[in-house]
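Single-structure report; data block below.
The values are calculated or read from the model by the stated rules, or taken from the named source; none is laboratory data. This is a predicted model, so every value here is computed, not measured. Don't worry about glycine lacking a Cβ; one is built from the backbone with ideal geometry, like all the others, and counts go over all protein chains shown. Just the protein is used for accessible areas: all its heavy atoms, side chains included, with ligands, DNA and RNA removed. Shrake-Rupley method; radii C 1.70, N 1.55, O 1.52, S 1.80 Å.
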Amino acid sequence: REENDARERMRASEHARRARSLYRQLFRASARLPTDNRTAYVRAKARAEYEKHASAEGETLEEALRLAAAQVDNVEASAAHLTKVFSDERVHARV
């Protein structure tokens with residue numbers, strides 16, 4: 001019984017660490033987006049999802065962590081692509 005409790009606490013601690021890490025990664029990746037509006041949207045969405053799943057457990061939490069990892073990849077790819085597009089005045093005229 002004690003051993004199971006210890007494993008559960010360790011698993012919960014690892015999930016919390018992973019959630020915080022993904023949250024920070026999303027914030028850092030959003031800073032590379034080319035507009036303040038995009039950055040603010042990603043950060044607000046990350047914050048809302050983090051709070052929404054703060055008390056999640058089991059498979060729901062595992063799925064939320066997998067989705068967050070995919071979103072980090074998406075934001076990083078979007079930042080690279082949009083920065084390139086926004087830097088070319090022939091493609092995107094910024095006001």
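Quick notes on this one:
- Solvent exposure of the chain as accessible area per residue, Å², 1.4 Å probe: 76
- Solvent-accessible area of Asp73 with every protein chain in place, 1.4 Å probe, in Å² to the nearest 10: 100
- Carbon and sulfur %, accessible surface of the chain computed with the full protein complex present, 1.4 Å: 51
- Here is what passes the span test in the chain: the DSSP H helices with alpha carbon length of 30 Å or more along the helix axis and a Kyte-Doolittle mean of 0.0 or above are 58-87.
- Take the Cβ atoms of Arg32 and Glu2, set R0 to 35 Å, and the FRET efficiency comes out at 0.15.
- The magnitude of the dipole of the chain, with charges of +1 and -1 set on the Cβ of Lys/Arg and Asp/Glu and taken from the Cα centre, is near 480 debye.
- Relative to the globular-protein estimate of 2.2 N^0.38 Å, the Cα radius of gyration of the stretch 4-95 stands at 1.34.
- Radius 14 Å from Cβ of Leu67, net charge of other residues (Lys, Arg +1; Asp, Glu -1): -1
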